[in-house]
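K.L.:
Below is one structure. I have some questions about it.
The values are calculated or read from the model by the stated rules, or taken from the named source; none is laboratory data. Here the structure is a predicted model, which is why all the values come from computation and not from measurement. Glycine also receives a Cβ, built like all others from the backbone with ideal geometry; neighbour counts cover every protein chain displayed. SASA here: full protein model, heavy atoms, side chains in, ligands and nucleic acids out. Shrake-Rupley method; radii C 1.70, N 1.55, O 1.52, S 1.80 Å.
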Amino acid sequence: MSTDQARVLVIDDEPHIRHFLRISLTSQGFQVIEASSGREGLEKLNADALTANADIVLLDLGLPDMDGQQVLDSIRKHSEVPVIIVSVRGHEAEKVRALDNGASDYVTKPFGIQELLARIRALLRRRASPSAQRFQHGGLIVDLAAHQVSLHGEAVHLTPKEFAVLAQLIASAGRVVTQTQLLRQVWGPTHQEDTHYLRIVVSKLRQKLGDDPQSPTLLQTEPGIGYRLSLEPDREDKTVCVKS
């Protein structure tokens, strides 16, 4: 899906944030819909035609009429539209709760607009091709159907757990996947607290995929939350400020 066809619903009660996002997003070809409260945002989504009215939602948590987590819960009852939480709340527990409850990503204010745009593009790409069986990024090729991995033309041997974790991250490429989600999906519900298993597997993956463990660019850690398969290079950008 190209950006000039994508509609972004911004649910935020701060006028200067909505103004900044409207200018930044429209300059990149997005269509922007605005809502200053949770109820207005839900009304504009329209439960009868969610995907027709918005391709992605940017949702603040500190809304005047209802908590953003409640808005997220209401959206998820009707739609799988990607939702990026954009909030000043940076506590790990808040992030994990939102991601476990169906948020597609979480960006803490103040944020860099280029980072936000990169995450929006990644989610739109993922939505446009959700059933892809072959992943390629740089010199890395992963054939999900054949369970084969190569790096710069050389075969890479992964254990079943390593491949399973990589496959889960590919399935949510560009998004944060929480530790709880990965442990539940790969090891099962009885291992949701065994985070050391996951750390070991991610460390091995970084070694085998040539991702610098001191400064990883492919398998990025969201401290205390989970991991993200990043598809965008780091870059300098403007940062939007937020009132304290």
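K.L.:
Defining a contact as two alpha carbons under 8 Å apart and six or more residues distant in sequence, what relative contact order in percent does the chain show? Write down the numbers at each step before the final one.
P.N.:
Values: 400 pairs, mean separation 38.5, N = 244.
Relative contact order for the chain comes out at 16 percent.
K.L.:
If you don't mind, another one. Could you order the peptides 33-42, 139-148 from most to least packed, using the average number of other C-beta atoms within 10 Å per residue? Spell out each step's value before the answer.
P.N.:
Working: 33-42: 19.2, 139-148: 14.0.
Going from most to least packed, we get 33-42, 139-148.
K.L.:
By DSSP, what percent of the beta bridges with both residues in the chain are antiparallel, rounded to the nearest 5? Don't skip to the end; give the middle numbers.
P.N.:
Values: 20 of 36 bridges.
Around 55 percent antiparallel, to the nearest 5.
K.L.:
If you roll a 1.4 Å probe over the stretch 73-212 with all protein chains in place, what percent of the accessible area is carbon or sulfur?
P.N.:
Working: 3240 of 6690 Å².
Here carbon and sulfur together make up 48 percent of the probe-accessible area.
K.L.:
A further question on this structure: For the stretch 74-157, with every protein chain kept in place, what is the accessible area per residue (1.4 Å probe, Å²)? Intermediate values should be presented prior to the final figure.
P.N.:
Values: 4150 Å² over 84 residues.
Spelled out: the 1.4 Å probe surface of the stretch 74-157, per residue, equals 49 Å².
K.L.:
Over the stretch 26-121, what relative contact order in percent results from Cα pairs under 8 Å that are six or more residues apart? Walk me through the intermediate numbers first.
P.N.:
Working: 114 pairs, mean separation 22.3, N = 96.
Dividing the mean separation by the residue count of the stretch 26-121 yields 23 percent.
K.L.:
Can you count the Lys pairs in the chain with C-alpha separation below 20 Å, eight or more apart or on different chains? Don't skip to the answer; put the middle values down first.
P.N.:
Numbers: LYS44/LYS77; LYS77/LYS95; LYS95/LYS109; LYS109/LYS238; LYS109/LYS243; LYS161/LYS204; LYS161/LYS208.
Final tally of qualifying lysine pairs is 7.
K.L.:
What shape does the stretch 132-233 have by the C-alpha gyration tensor, where a ≥ b ≥ c are the square roots of the eigenvalues, rounded means a/c under 1.5, and otherwise prolate means a/b greater than b/c and oblate the rest? Mind dumping the intermediate values first?
P.N.:
Details: a/c = 1.62, a/b = 1.35, b/c = 1.20.
Because a/c hits 1.5 or more and a/b exceeds b/c, the stretch 132-233 counts as prolate.
K.L.:
Let me ask something else about it. In terms of the Cα gyration tensor, with a ≥ b ≥ c the square roots of its eigenvalues, is the stretch 18-130 rounded because a/c is under 1.5, prolate because a/b exceeds b/c, or oblate? Spell out each step's value before the answer.
P.N.:
Values: a/c = 1.20, a/b = 1.05, b/c = 1.14.
Here the stretch 18-130 falls in the rounded category.
K.L.:
Mind ordering 162-172, 12-22 by average Cβ neighbours within 10 Å, highest first?
P.N.:
On the way: 162-172: 19.7, 12-22: 16.9.
So the order, starting with the most tightly packed, is 162-172, 12-22.
K.L.:
Only four residue types carry charge here, +1 at the Cβ of Lys and Arg and -1 at the Cβ of Asp and Glu. Report the dipole size of the stretch 120-212 about the Cα centre in Debye, rounded to the nearest 20. Don't jump to the answer; show the numbers that get you there.
P.N.:
Working: 12 positive and 7 negative charges, 78 e Å.
With Lys and Arg at +1 and Asp and Glu at -1, about 380 debye.
K.L.:
Work from the charge dipole of the chain (Cβ charges, +1 for Lys and Arg, -1 for Asp and Glu, about the Cα centre) and give the residue of ILE17, PHE30, GLN192 farthest towards its positive end.
P.N.:
Towards the positive end, the residue furthest out is GLN192.
K.L.:
Distances longer than 22 Å among the Cα atoms of the chain: what percent of all pairs is that? Mind dumping the intermediate values first?
P.N.:
Numbers: 16216 of 29646 pairs.
In whole percent, the share of Cα-Cα pairs in the chain beyond 22 Å is 55.
K.L.:
Pairs of Cα atoms under 8 Å, at least six residues apart: use those to get the relative contact order of the stretch 107-188, whole percent. Please report the intermediate quantities before stating the final value.
P.N.:
Values: 57 pairs, mean separation 18.7, N = 82.
Rounded, it is 23 percent for the stretch 107-188.
K.L.:
Which one, LEU182, ILE141, VAL156, projects farthest toward the positive side of the charge dipole computed for the stretch 78-223 from Cβ point charges (K/R +1, D/E -1)?
P.N.:
Selected residue: ILE141.
K.L.:
With +1 assigned to the C-beta of every Lys and Arg and -1 to the C-beta of every Asp and Glu, and no other charges, what is the dipole magnitude of the stretch 18-123 about the Cα centre in debye, to the nearest 20? Don't jump to the answer; show the numbers that get you there.
P.N.:
Details: 12 positive and 15 negative charges, 49 e Å.
The dipole of the stretch 18-123 has a size of about 240 debye.
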